[in-house]
Amino acid sequence: MAKSMDPRALFQEEAEELLQTLESSLLGLEDDPGNTEHLNSAFRALHTIKGSATMFALNALVGYAHRFENVFVSLREGNAVVTRDLVDQSLAARDILVLLLRTGEIPADVADQAEAVMVSLEGAVTAVPAAAEPDSHPRDDVTDEADRAGVERLLRIQYRPSSRTFINGTNPLSLIRELQDLGSTLVVGYSREIPPLEELQPDHCYLAWDILLTTDASRREVEDVFIFVDGESVVTIDEVHGGEYRRLGEILVDRGLLSQSDLEEYLGNRVPLGEVLVNRGVVSADSVRSALEEQRLIARIDSDDATSSIKVRTRRLDDLVSLVGEFVSLQAQINLTAQRLEDRELVNQVEQLERLVREARELSMDMHMVPVETLFAPFRRLTRELARELNREVSLTLNGTETELDKNVVDQLRDPLLHIVRNSIDHGLESPDARLAAGKPREGRLVLSAFHSGALVMITVEDDGAGINDEAIRAKAVEQGMIPADAALTREETLDLVFQPGFSTAKSATQVSGRGVGMDVVRRNVERLNGAVTLSSEAGVGTTVQLRIPLTLAIVEGLLCHVAGQSFLINLAYIRECVDGTAARRHSSGGFFDYRGSVVPLLDLAQFYRFGAANDDDPIVVVAAGDHLVGLVVSTILGNHQSVVKNMGALLQHVEGVSGAVFLADGTPALMVDVERLHRIASKQNRKSD
Amino acid sequence: MFLCDLQQEGDSVVLELSGDLTVETVNDFVGAVLPVLESPLIEVRVAAIAGFDLCGLQSLYALAESRRRSNGALVFTGEEALRRFAAMARFAGLDELSAASTNG
Amino acid sequence: MNILIVDDSISMRQMIRIILSGAGHDVTDAIDGSDGLAKFNETFDVVVTDFNMPQMGGVDLIKAIRSGEVNRTVPILMLTTESEAEKKALGRDAGATAWITKPFSKESLLATIDKISRSVAF
C-alpha cells in the first residue's frame, strides 16, 4: 500500500491501525487480564495516538485519549487490576476514539455516553489523577513584576555546568553565544577546577562561568537560554542593581561567597580585601576576579550616564584607587619576600597574586578614566565665543574624544588647554581678511585631538594660522634679556623660549610675541602632571602645540635604579631600552654615546643630582621624550616596580629633575625621575659642553 | 578522527596532534600523553588540529596544570591552531592557553 | 545537518521529516529505539527521538548512545507528550540534550534543533 506523503492523511491511517491494535490488546486482556504485554501495547497505542493528534490540533481527540491513557498509566502502575467490566468500558471508549478520529469532535448524541464511559473508567482505577487537560501550555506567559522586558539592566548569571555537560551534548559556548545575542556580556570563565592531566576525567566538564549580561530581554528569555541544562548544573540569575558603585566585599557577600560577619572580620585587617580573602583561601582568586569585573562593569555603566551625582562617586573611586595603590605596594613587598625565601609554592601563589594585582590596578585605573570628550566639549562653545569676541571665523574639529584619561588629569588640563586654545585663536589664526589675502579660506581651522601612545595620551591643538616667526621670538628674548644677542639656538630651542617665564611679560600679545600669554604657566601645569608640552610651527602655515600626558597620576610602573646608593624610579612609559654600560660606545667628550646608529646625549644622574660621578661602565637607560632620546647613566638597574606616586611636599616641589616620590617595598623612598625635564636639561648641557 | 603522533627527541617529547580534539577524542589524547608526562620538555604541535571543542581545550589546560605542578617545560606550537585556541579561550572568558602553559 | 529521527509513529516521522528536510537537513528514519541504535553512526549531527516506543524506548536509546563508542556526545532531542517534570528528568538523566513537548510548531522544532546543535566556530 502506497503511503500518502501528507502527514495528516498518514495520521488518519496510522491512528486507524493503532485503534485496531488497541482493540486487539483489549480483547487479549479480556482473556488474560494479567498479561502485561497486552497492557503495554494498549497503553502505547493510546499514547501514540494522543501524541500525534496533538500535532494536528485534534483537541477533542487529544483530551479524550489523554484521560483514557491515564487509566492505563494507573493500570500499568498496578493501582488497579484489569476487570471484565473495565475491558468492556475500554472497548466502548475505543469506539468513541474512532468516532472522534473520523468526525473531529464528539457528536452531540453520544457526548453524554462518552463522558459516562470515561468517568466509569476513571472510577474503576483509584489513584488516577483528576482528569486534567493535556498540559499543552506548560509555560504560561505570566509576567512577573520584576520581569521587565524592554528595560536595560544588568544580570549576573552564574553557570556551573554539571560534570556530564559535555557528554550530554551540551556546548556551554553556544549558551554563552545565545546570551550574547540578548545583550552585551562580560564573561569570566573559571578554569581553576581543572585538575592536572593525571587526575583528569577527560570528558567531564570542570569549567564554570560568571556572566554579566546587560540586556533589555526579559528574565524569562534569559532563563530560556538555560532551559535544557541538566539538573545537576547550577544556574543562578540575579539582577545587579547598578547606579551605585559597590565595594568588593558587598559583591562577594551578595554572591553568597562570603558571610557578612566574615566580611566585617576581614575588613578589620586594613589590608586590601581581595588579597586577604584569596590568601586565606576564603574565596578563590577567580571569584575575586569575577567580582572585580562586575565592579568594573558597573563603574562603566555608571560613567555612561554621567549625572550630577558624579562627585560622590568620584570620591569613592578615589578611595578605591588609593586602596589598590596600597595593594600594589604590598604586592611588591610580597614579591621580594617570596624571592628571598625561595619557596616555590609561595612564588607560584605570588605570581597568581601579581596577576590579580595587575588586574585590580588596571580596573581601578579604568574606573578612574573619563573620555577626553568631557575635556574637549566646552571648547565648542568657548571657541565660538572667542571667535566672535576677537573677530575671527573658526571651525573647530574634535578628534579622538573617546580617548580615556584619568579624571584628575582631565581636571588639571582644563586651564592649560584653555590658554593654548585662546592663544591659537587670538594670535595664531588671522582675521578673515588677512586670511583671504594670504590665499587661505576665510574660516580658520582649529583641531583638538587626543590619542593614546603607550602609557601616554597625546593631546594636540593645531591651527592653520600665521605660525610663529622665530626671528621675532629671538629678538623678543634678547630684548627681555633672556638670551645673549649672539646665542646660537636651534629652531626648536627658539620656539621653546615661548615657554620661559618672563617671555610672557609682554604688555600686549602681538603677532610677534606669538604665544606669549601664559605659556610658562601652561608648561608648569603640565609638568605637574608629569607631562610635557612642546610646540612646532611653520610660518604662514600654522602652529601645533602638543601635550604628552601620562594616562594616570595614581600608579606608575617604573624601572627601579640605584644612583650612587640612592633609589630612583624611571617611568616605564619613557624607557626605550637599557644598555649595558661596558658595551656602550661613549664619545670621548663623555656627553654622548652611539645608540642604534645615532648619537644620543648622555646625562649622568649621579652628577646631575650631585652625588658624585658615574663610572664609565655604568648602565645606561635610554629614555625618549617626544622624538628625542637621552641616555640616563645610573649605577645599577634593579627591576620593575609599580607604585603609587606621592607628591613632593611644598618645600621640595620645585626640585629640578624630580617629579615625585614613591615608597619601596622596604619602606624607603625612591624619587621619580622627571624625564621630560631632564631631557631639556641634557640637551642644553651637552650643547654647552660641545 | 584524531591522531596523536608521539616522538622522543632526546630528553624531550614531541606530540604531533592532528584531527579533531573534542569530547569524542579527548580520551585518546589523555591516554597518549600520560605515559610521557614526566619528560623534561613536552612540545605540543597543534598545527594540524582541524577542530576542537571546549572539552579539548580543557584537556590542554589540564596538561599545562600538570606541567606547572611538576615544573616541567611545556611548549605549544602551531600558530594558526593556537590563534584559534586563544580566540576560544577569550570567548569563554578563560585565561589564554599561553598564559596557562609554562614555556621552557 | 544529518539528523536521525526515531519515532514509532509514522505520521510523526513523516511530519518531522517534512519540517527538517524543508529546512535543508538530511533525515534518516528509525521506527523505534533498537532500529535507531542500529542505524546510528558518527555521521549524525543530531538525534530526535520519541519517549515511548516499543522494543526500545527513548530513554534506553539515549543511554545506549551515551555509553557507546561512537558519536556518544551527539546532541539528542527528546520528543514527549509528557510535560511533567518527572518524565523530563528521566530523559535528562539518561543524557538527553533537550526535549520538546508535543504539540510543537515547526518553528519551535527548528529553533530547538538549532539551539542544541549550534556550534561556535573559531
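Within segment C:105-121, the set of residues being within 9 Å of chain A (Cβ to nearest Cβ) and in a loop (DSSP other than H, G, I, E, B) comprises C:Arg118, C:Ser119, C:Val120.
Residues in segment A:1-28 that are within 14 Å of chain C (Cβ to nearest Cβ) and either within 56 Å of the chain's Cα centre (by Cα) or touching a residue at least 40 places away in the same chain (Cβ under 8 Å) (or both): A:Met5, A:Asp6, A:Pro7, A:Arg8, A:Phe11, A:Gln12, A:Ala15, A:Glu16, A:Leu19, A:Leu22.
Within segment A:80-103, the set of residues being part of a loop (DSSP other than H, G, I, E, B) and surrounded by 13 or more Cβ atoms within 10 Å (Cβ to Cβ) comprises A:Ala80, A:Val82, A:Thr83.
Restricting A:Asn348, A:Asn391, A:Asn399, A:Asn408 to residues that are surrounded by fewer than 20 Cβ atoms within 10 Å (Cβ to Cβ), of a type in the set (S, T, N, Q) and under 26 Å from B:Arg68 (Cα atoms) narrows the list to A:Asn348. In segment A:339-362, the residues that are without any contact (Cβ under 8 Å) to a residue 12 or more places away in the chain form Cβ pairs under 9 Å with partners that are of a type in the set (Ser, Thr, Tyr), at six or more places apart or across chains, as follows: A:Leu346/A:Thr337.
Each residue in segment B:1-49 was checked for being outside any helix (DSSP H, G or I), closer than 21 Å to B:Phe85 by Cα and charged (D, E, K, R), and 6 pass.
Working only within segment A:29-50, note down all residues that are more than 11 Å from chain C (Cβ to nearest Cβ) and either without any contact (Cβ under 8 Å) to a residue 12 or more places away in the chain or among the β-branched types (Val, Ile, Thr) (or both). Listed by number, the residues that qualify are A:Asp31, A:Asp32, A:Asn35, A:Thr36.
Any residue at all in segment A:550-562 that's surrounded by 18 or more Cβ atoms within 10 Å (Cβ to Cβ), among the β-branched types (Val, Ile, Thr), in contact with a Leu (Cβ under 9 Å, 6 or more places away or on another chain) and at pLDDT 85 or above? Looking for residues that are surrounded by 18 or more Cβ atoms within 10 Å (Cβ to Cβ), among the β-branched types (Val, Ile, Thr), in contact with a Leu (Cβ under 9 Å, 6 or more places away or on another chain) and at pLDDT 85 or above, one finds none in segment A:550-562, hence no. The sole residue among B:Leu74, B:Leu63, B:Leu54, B:Leu34 that is at the interface with chain A (Cβ under 10 Å from one of its Cβ atoms), touching a helix residue (DSSP H, G or I) at 6+ places or on another chain (Cβ under 6 Å) and over 30 Å from A:Asp181 (Cβ atoms) is B:Leu63.
Here A:Glu223, A:Glu250 are screened, and the one residue that is outside the structural domain of A:Gln331 (by TED's automatic domain parsing) and modelled with pLDDT under 85 is A:Glu250. Condition check for A:Met55 on (1) touching a Phe, Trp or Tyr at 6+ places or on another chain (Cβ under 8 Å); (2) farther than 18 Å from A:Ala124 by Cβ; (3) more than 9 Å from every other protein chain (Cβ to nearest Cβ): one failure, at (3). All of C:Leu61, C:Leu90, C:Leu77, C:Leu37 fail the test of being of a type in the set (A, V, I, L, M, F, W, C) and over 26 Å from B:Thr25 (Cβ atoms), apart from C:Leu90. Residues considered: A:Gly28, A:Gly63, A:Gly78, A:Gly34. Of these, the only one that is on the phi > 0 side of the Ramachandran plot and in the same structural domain as A:Val117 (by TED's automatic domain parsing) is A:Gly78. Consider segment A:170-204. How many of its residues are within 7 Å of chain B (Cβ to nearest Cβ), under 23 Å from A:Ala291 (Cα atoms) and assigned to a loop (DSSP other than H, G, I, E, B)? Number satisfying all stated conditions: 2.
The residue list B:Val14, B:Val46 contains one member that is closer than 26 Å to C:Val70 by Cβ, among the β-branched types (Val, Ile, Thr) and out of contact with any His (no Cβ under 6 Å at 6 or more places or on another chain), which is B:Val46. Selection within segment A:355-388: residues that are aliphatic (A, V, I, L, M) and farther than 23 Å from A:Asp318 by Cα. The member of this set that is surrounded by the fewest Cβ atoms within 10 Å (Cβ to Cβ) is A:Ala377. Only one of the numbered conditions (1) under 39 Å from the mean Cα position of the chain (by Cα); (2) loosely packed, with under 14 Cβ neighbours inside 10 Å is violated by A:Ala488, and that is (1). Count of segment A:150-169 residues, restricted to those that are buried (at least 23 other Cβ atoms within 10 Å of the Cβ) and either more than 28 Å from the chain's Cα centre (by Cα) or part of a strand (DSSP E or B) (or both), is 5. Note on segment C:1-98: enclosed strands (runs of 3 or more DSSP E) holding 2 or more residues that are more than 13 Å from chain A (Cβ to nearest Cβ) and surrounded by fewer than 18 Cβ atoms within 10 Å (Cβ to Cβ) are C:26-30.
The values are calculated or read from the model by the stated rules, or taken from the named source; none is laboratory data. Because the structure is predicted, anything quoted here is derived from the model rather than measured. Neighbour counts run over all protein chains shown; Cβ positions are idealised from the backbone, glycine included.
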